[in-house]
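What follows is a set of notes on a single structure, which appears directly below.
The values are calculated or read from the model by the stated rules, or taken from the named source; none is laboratory data. This is a predicted model, so every value here is computed, not measured. Note that each Cβ is placed from the backbone with ideal geometry, even for glycine, and that neighbours are counted across all protein chains shown.
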């Protein structure tokens, strides 16, 4: 009986660590690959949600740095009429929280770079 409980707890942990965040993200944003993300850049607002120190080291050319933990203070700086494109260093983890806040603020078109800056094949700026 104890083994069954341990298995259930382990499965629940795995669900909440890996599956739940993805479900939350997909509810508020569209996760896209490099090609589609790059197509959206011309019309969108490109936001790097990483900490400022990481942004200064390297970021996608044209990105603004609005760290995830400061996004509430920066919502007024974003247009509700243009798509918002967000990215992190790797696969999105904090993006679900940011996308939810953006959607609540009235931004309807939100895109997240699927594999983040590390997999980005477009132009970058290094500090």
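So here's what we get for this one:
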quantity	calculated
Number of positions in the stretch 42-67 that are within 15 Å of the chain's Cα centre (by Cα) and either crowded, with 19+ Cβ neighbours inside 10 Å or over 17 Å from residue 92 (Cα atoms) (or both)	14
Those residues of the stretch 101-120 which are surrounded by fewer than 21 Cβ atoms within 10 Å (Cβ to Cβ), in contact with a strand residue (DSSP E or B) (Cβ under 6 Å, 6 or more places away or on another chain) and under 12 Å from residue 29 (Cβ atoms), in sequence order	114
Residue list for the stretch 82-94, restricted to those being in a loop (DSSP other than H, G, I, E, B) and modelled with pLDDT of 95 or more	82, 83, 88, 89
Which numbered condition residue 97 misses (of (1) assigned to a helix (DSSP H, G or I); (2) more than 16 Å from residue 117 (Cβ to Cβ); (3) out of contact with any helix residue (DSSP H, G or I) (no Cβ under 8 Å at 6 or more places or on another chain))	(3)
Condition broken by residue 10, with the remaining ones in (1) farther than 26 Å from residue 125 by Cα; (2) out of contact with any helix residue (DSSP H, G or I) (no Cβ under 8 Å at 6 or more places or on another chain); (3) surrounded by 11 or more Cβ atoms within 10 Å (Cβ to Cβ) satisfied	(3)
Single residue of 76, 69 found to be outside any loop (DSSP other than H, G, I, E, B) and closer than 23 Å to residue 127 by Cα	69
Top-ranked residue of the stretch 74-100 - restricted to ones that are free of Cβ contacts under 8 Å to residues at least 12 places away in the same chain and over 14 Å from residue 63 (Cβ atoms), ranked as surrounded by the fewest Cβ atoms within 10 Å (Cβ to Cβ)	76
